[in-house]
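The values are calculated or read from the model by the stated rules, or taken from the named source; none is laboratory data. Predicted, not measured: the structure shown is a model, and the values here were computed from it. Cβ placement follows ideal geometry from the backbone for every residue including glycine, while neighbour counts extend to all protein chains displayed.
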Amino acid sequence: MWPRSNIKKPGRWGWVLVGVLLIAVGTRMVFSRKSTFTLEVQPTASGWGYLIRQEGRVVIDQPTIPVVPGQRSFATRQQAQRVGELVLTKMRAGRFPPTLSLPELDSLGAL
């Protein structure tokens, strides 16, 4: 017969801690996985907009300038490209939703 161990089985809080750790590790693995995001700039009825896809599926369809009231599209393809690239950067860093601010749009020349 094996000698009795002095190690106690985890109590209820021990199992809660194990569960939280497993969830944290799993979440980290999902978000650190290299997701394939792509940016597509495309013309709209009144200017330019962009699509962001994740592994082929559309996750953001932005035909208008975000944050700005109304339904105003980007005036140029380059504006839509710059803003879309900033959104991609935020998404790749794990920020979802990738919110933008007026100062960020202004600094990109999108206003």
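Quick look at the values:
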read-out: Positions within the range 56-111 being of a type in the set (Phe, Trp, Tyr) and under 19 Å from residue 37 (Cα atoms), in sequence order; value: 96
read-out: Check on residue 76, among the hydroxyl-bearing types (Ser, Thr, Tyr) and either farther than 16 Å from residue 108 by Cα or within 13 Å of the chain's Cα centre (by Cα) (or both); value: no
read-out: Of all residues in the range 43-80 being touching a strand residue (DSSP E or B) at 6+ places or on another chain (Cβ under 6 Å) and of a type in the set (S, T, N, Q), the one that is farthest from residue 94 (Cα to Cα); value: 73
read-out: Test: residue in the range 14-26 that is at pLDDT below 95 and either part of a loop (DSSP other than H, G, I, E, B) or polar (S, T, N, Q) (or both); value: no
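Here is a yes/no grid of residues against (1) assigned to a strand (DSSP E or B); (2) touching a residue at least 60 places away in the same chain (Cβ under 8 Å); (3) in contact with a Leu (Cβ under 8 Å, 6 or more places away or on another chain):
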site	(1), (2), (3)
48	yes, no, no
58	yes, no, yes
65	no, no, yes
68	no, no, yes
81	no, no, yes
89	no, no, no
94	no, yes, no
103	no, no, no
